[in-house]
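So the structure is just underneath, and the comments pick up after that.
The values are calculated or read from the model by the stated rules, or taken from the named source; none is laboratory data. All figures in this text were calculated on a predicted structure; none of them were measured in a lab. Neighbour counts run over all protein chains shown; Cβ positions are idealised from the backbone, glycine included. With ligands, DNA and RNA removed, areas are computed over all heavy atoms of the protein, side chains included. Shrake-Rupley method; radii C 1.70, N 1.55, O 1.52, S 1.80 Å.
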Amino acid sequence: MADDTPPAAPPVNPPPSSDPLPLPLTETEDPPSLPPPVPHSPALDLSGAPNEEPPASGPAPVELEKEDPTSKLATKESEPIALATQKAEQSSVEAEVTPSPTAVVVTEEPLAAAEESEAKGKLEEFFATDSEKSKHSSDDREPKIPKSLISFKEESNKVVDLSDSERKALQELKQLIQEALDSNVFTTGQLAPADNASNSKPTSDPKTEENPEAETGKVAEEAPKVATSVEELSIWGVPLLKDDRTDVILLKFLRARDFKVKDAFVMFRNTIRWRKEFGIEELLSEDLGDDLEKVVFMHGTDRDGHPVCYNVFGEFQNKDLYQNTFSDQEKRTKFLRYRIQFLEKSIRKLDFTSGGICTIFQINDLKNSPGPGKSELRLATKQALQLLQDNYPEFVAKQVFINVPWWYLAFYTMISPFLTQRTKSKFVFSGPAKSPDTLFKYISPEQVPIQYGGLSVDFCDCNPEFSISDPVTEVFVKPGTKQTVEIIIYEKCVIVWELRVVGWEVGYGAEFVPNTQNGYTIIIHKSKKMVPSDEPVVHNSFRVDELGKILLTVDNPTSKKKRLLYRFNIKPLSD
């Protein structure tokens, strides 16, 4: 059974300890001493692979089982149930009740003496090589983020949690907006002249915000000029000043301007005008094709419930896709409209009620991303960043960059001046070697797509046995050790499981051991070394006609700690 030792934090820009996003992962303890061997029955091989070394009918390989501290409080009869604590939903079984059909015990055993000696040799070789590599630059090194950046912690959007000054600022902003609506300022205000780039250039000019008092003063001046009905306005599907959702939206503008009311009003007014000029409402129903559906997509939620958006820049290695997206201004404008359309549709699915989830967790995958020499991509990125920052304030809970190459720091330095300090404080960077660890810090494995190290598939039809709601157990396998997951079967059933080790380079095997003394051990999956080129996830199933246990064994001969992910489901046999 895994203990509560937390894993190492990502090496770059970690959030503070008060940040609720990361959850501790578990790591197993050192193995206990060997017990004496016990008699064991011959094995039957159902794996389909040739049994090169059939076991003799003598003693079976010894199973090492870690002591569970809670077992000291239980009787011998209830001990197997006391060990059934690997899954939270199965941990409430009591001895006097019919036992749960499954229980999980994680055990760990050292390698044989020769294997242990070899592992130690590899460890020494690894550290010597790693020390030498650290003197040179490589694509896997972690980018260094400016020390001035602090990790961002998302604030509450509940009015009751605001300070007195913040509540006062919110009321003042609502009053300014009400006056503007009464005067039809958002409709009759002067818009920036349209030109060929009007749909891709933000209308908010920093110069217009240098004198917010003059801007807000125009609201009162324009009131006598209008004698029509009061203007009604909606933004992101929320009618303004009609219910408490308005407070949540206006808090975004206030926080983007450090609760300076007049600055926030100018930003809000410019956003409303830009949305009309850009044609947001018409854009929602516009057909822009599906060429970019693999470039940007939503998948799952993070540990705090934020929807997760993936931006995969490596897709632009496809030369045709790159040319069709960025080769001229017209195509770059279409790309920008596609990105805004996608964002608008995603935002309208958020919960703007008090205390609701109204931000998005962004992941930017830079693996195989076009280099800094691609001026068209650089121009489009700069244009999009400015537009999003001006008109979509506080919609990002966290901005995580994974598979970051060494050259990205130069690119980041170029775009950094266009980002506010608050925006940059939400950034997290991770190189290729640490990207899976970074993702699992913020997102549960069952929510992470398979291509990023998790167990989640894009469509349920691809994996009908499991869904994104089925929890995954994480276990660390130390260098030079074996890890055994024991699933105890209490009834006849069909058990289905899936398992992966991130990066593989380990051995994996599965067998069924019956409870009867003279029963046969059945090999379900013959132990073999799994390499990164193999299928990322192993799927197995087994029909259980007699009580016993399933043993899933992972042998880690490498010098690196490995992350084991697994989950299983039970289907009772029908009579």
Give the accessible area for His525 in Å² (nearest 10); use a 1.4 Å probe, count only protein heavy atoms, and leave out ligands, DNA and RNA. 40
Residues whose modelled amide H sits under 5 Å from the amide H of Ser527, counting only those 5 or more places away in sequence or on another chain, are Ala510
Taking the range 279-443 as the region of interest, what is the percent of Cα-Cα pairs per 5 angstrom bin, listed from the shortest bin to the one with the maximum distance? 1, 7, 16, 21, 23, 18, 9, 3, 1, 0
Rg/Rh (Cα only; Kirkwood hydrodynamic radius) as it applies to the range 473-572: 0.99
Under the Karplus relation 6.51 cos²θ - 1.76 cosθ + 1.60, θ = phi - 60°, what is the ordered set of whole-Hz ³J(HN,Hα) values for the range 436-449, x standing for Gly and Pro? x, 4, 5, 4, 5, 5, 9, 10, 5, x, 5, 9, 8, x
DSSP bridge pairs, the range 279-443: antiparallel proportion in percent, nearest 5: 20
Net charge dipole size for the range 476-519 [Lys, Arg +1 and Asp, Glu -1 on Cβ; Debye, nearest 20]: 100
Put +1 on the Cβ of every Lys and Arg and -1 on every Asp and Glu Cβ in the range 279-443; which of Gly305, Ser285, Tyr442 then has its Cα farthest towards the positive end of the dipole? Tyr442
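Full-extension gain between Ser533 and Arg303, please, as 0.36 nm times their residue separation minus the C-alpha to C-alpha distance.
Working: separation 230, 0.36 × 230 = 82.80 nm, distance 2.95 nm.
Full extension of this stretch gives 79.8 nm more.
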Amide proton proximity set for Val544, modelled H, under 5 Å, gap of 5+: Cys493, Val494, Ile495
Over the range 279-443, what is the mean sequence separation of C-alpha contacts under 8 Å (at least six apart), divided by residue count, expressed as relative contact order in percent? 23
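If you place +1 on the Cβ of every Lys and Arg, -1 on the Cβ of every Asp and Glu, and leave all else neutral, what size is the dipole of the range 473-546 about its Cα centre, to the nearest 20 Debye? Numbers along the way, then the final one.
Numbers: 8 positive and 10 negative charges, 49 e Å.
Its charge dipole is roughly 240 debye.
With +1 on each Lys and Arg Cβ and -1 on each Asp and Glu Cβ, and nothing else charged, work out how big the dipole of the range 279-443 is about its Cα centre, in Debye to the nearest 20.
Values: 21 positive and 20 negative charges, 141 e Å.
The dipole magnitude comes to about 680 debye.
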Would you be so kind as to identify which of Ile570, Ile495, His525 lies farthest towards the positive end of the dipole of the range 473-572, taking Lys and Arg as +1 and Asp and Glu as -1 on Cβ and the Cα centre as origin? His525
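With an 8 Å cut-off on Cα pairs and a minimum separation of 6 or more residues, tell me the relative contact order of the range 430-575 in percent.
Numbers: 292 pairs, mean separation 48.4, N = 146.
Relative contact order, the range 430-575: 33 percent.
State which entries of Lys441/Lys528; Lys168/Lys252; Lys382/Lys434; Lys441/Lys478; Lys242/Lys424; Lys158/Lys349 exceed 25 angstrom in Cα-Cα distance in the structure shown. Could the numbers behind the result be given before it?
On the way: Lys441/Lys528 30 Å; Lys168/Lys252 15 Å; Lys382/Lys434 27 Å; Lys441/Lys478 19 Å; Lys242/Lys424 33 Å; Lys158/Lys349 19 Å.
Beyond 25 Å between Cα atoms: Lys441/Lys528; Lys382/Lys434; Lys242/Lys424.
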How would Glu394, Glu232 line up by accessible area, probe 1.4 Å, largest first? Glu232, Glu394
